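One structure, as structure tokens, below. Some questions next.
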Amino acid sequence: MNPAPASQNRSEKICSALRSAILERVLLPGMKLPEDSLGERFGASRTLVRQALERLAAEGLVELRRNRGASVATPSMEEARDLFELRCQIEDLVVIRIAESFSAEQKAELEAHIAREIAAEGQSEPVSIRLATEFHILMAKLTGSPVLLRYVEEIAYRCGLTLAMFARPHSTDCGIQEHKEIVAALESGNTAKAQKLMRSHLAAVADRALIKQAEASAHVYLDALEPYARPIRLDE
């Protein structure tokens with residue numbers, strides 16, 4: 001096997017694991033992310049960990065500072081407002097683009113993801129936030145536009161971090177039902193309705209953003225990271 005693609009794939013897995021841990025509030029805003037400690041936890045070199053952190057920094061989930069290393073990003077409420085406003089405009093374009101040729105296969109993919117959201121009800125709220133965020137990224141992916149996907153990924157992940165940090169509690173039923181209604185509007189060919197539903201849905205998500213103190217972690221964060229790191233460490 002060519003070692004370069006294998007290394008890249010491993011770095012992407014570390015990136016995905018850290019992203020989930022951040023969005024699920026296992027790694028809290030402001031927590032330091034030392035390369036050597038993470039490398040030991042994931043059973044990977046500092047180079048691979050650094051690649052993963054750089055990708056997360058590009059997504060706005062991690063802050064990289066010279067001589068201070070990496071840490072989980074700490075977004076401000078002002079930044080959150082700008083992000084959600086921009087997100088509404090970009091996802092409006094996503095709806096238009098996906099509605100142009102909405103297929104049965106695309107519908108099936110979205111419904112399968114909604115099924116995962118339903119199955120996750122009753123778990124911690126950050127898990128629901130992560131899955132809800134990934135629904136929007138899946139929609140962008142289904143447009144077939146790498147540009148839209150890249151921008152939606154970055155903005156949606158940063159909004160997910162903001163929600164995990166600030167959002168007041170809510171019923172996951174609401175978000176799931178809104179996702180179902182958007183898919184139904186796309187299936188019916190009513191693009192205007194799908195756009196209206198998406199705007200209303202994102203506005204409701206943004207309205208839940210409310211400053212609250214981050215809860216203290218009950219674990220040393222590297223111990224709490226173990227469920228995310230173990231599958232990667234063992235997959236050598």
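Please name whichever of Phe135, Ile14, Val62 sits farthest to the positive end of the charge dipole of the chain, dipole taken about the Cα centre and charges placed at Cβ: Lys and Arg +1, Asp and Glu -1.
Of Phe135, Ile14, Val62, it is Val62.
Roughly how many Å² is the accessible area per residue of the chain, as a whole number, for a 1.4 Å probe?
Result: 51 Å² of accessible area for each residue.
With a 1.4 Å probe and every protein chain kept in, tell me what percent of the accessible surface of the chain is carbon plus sulfur.
So the carbon and sulfur contribution to the accessible surface is 51 percent.
List nothing, just return the count: lysine pairs in the chain, 8 or more apart or interchain, with Cα separation under 17 Å.
Working: Lys107/Lys141; Lys107/Lys180; Lys107/Lys193; Lys180/Lys193; Lys180/Lys196.
Within the chain, the lysine pair count is 5.
Which value, in debye to the nearest 20, describes the size of the charge dipole of segment 25-111 about its Cα centre when Lys and Arg Cβ atoms bear +1, Asp and Glu Cβ atoms bear -1, and nothing else is charged?
Numbers: 13 positive and 16 negative charges, 123 e Å.
Its charge dipole is roughly 600 debye.
For a quick check of understanding: with a 1.4 angstrom probe and all protein chains in place, what accessible area in square angstrom does Lys141 have, to the nearest ten?
130
Mind jotting down a quarter of the surface of the convex hull over the alpha carbons of segment 86-169, in square nanometres, one decimal?
Averaging across all directions leaves 5.5 nm² for the Cα convex hull.
Relative to 2.2 N^0.38 Å, what does the C-alpha radius of gyration of segment 37-89 come to as a ratio? Two decimals please.
1.41
Leaving ligands, DNA and RNA out of it, work out the accessible area of Tyr228 with a 1.4 Å probe and give it in Å² to the nearest 10.
Its heavy atoms expose roughly 50 Å² to the probe.
Now a separate question. Once every DSSP H run of n ≥ 4 in the chain is given -39500 (n - 2.57) and the sum is divided by its residues, what mean residue ellipticity at 222 nm do you get, rounded to the nearest 500 deg cm²/dmol?
Values: 11 runs with 167 residues, N = 236.
Computed mean residue ellipticity for the chain: -23000 deg cm²/dmol.
The values are calculated or read from the model by the stated rules, or taken from the named source; none is laboratory data. Remember, predicted model here, so these are calculated numbers, not experimental data. Cβ coordinates were reconstructed from backbone atoms using ideal geometry, including for glycine residues, and neighbour counts include every protein chain displayed. Surface areas here come from the heavy atoms of the whole protein model, side chains and all, with no ligands, DNA or RNA. Shrake-Rupley method; radii C 1.70, N 1.55, O 1.52, S 1.80 Å.
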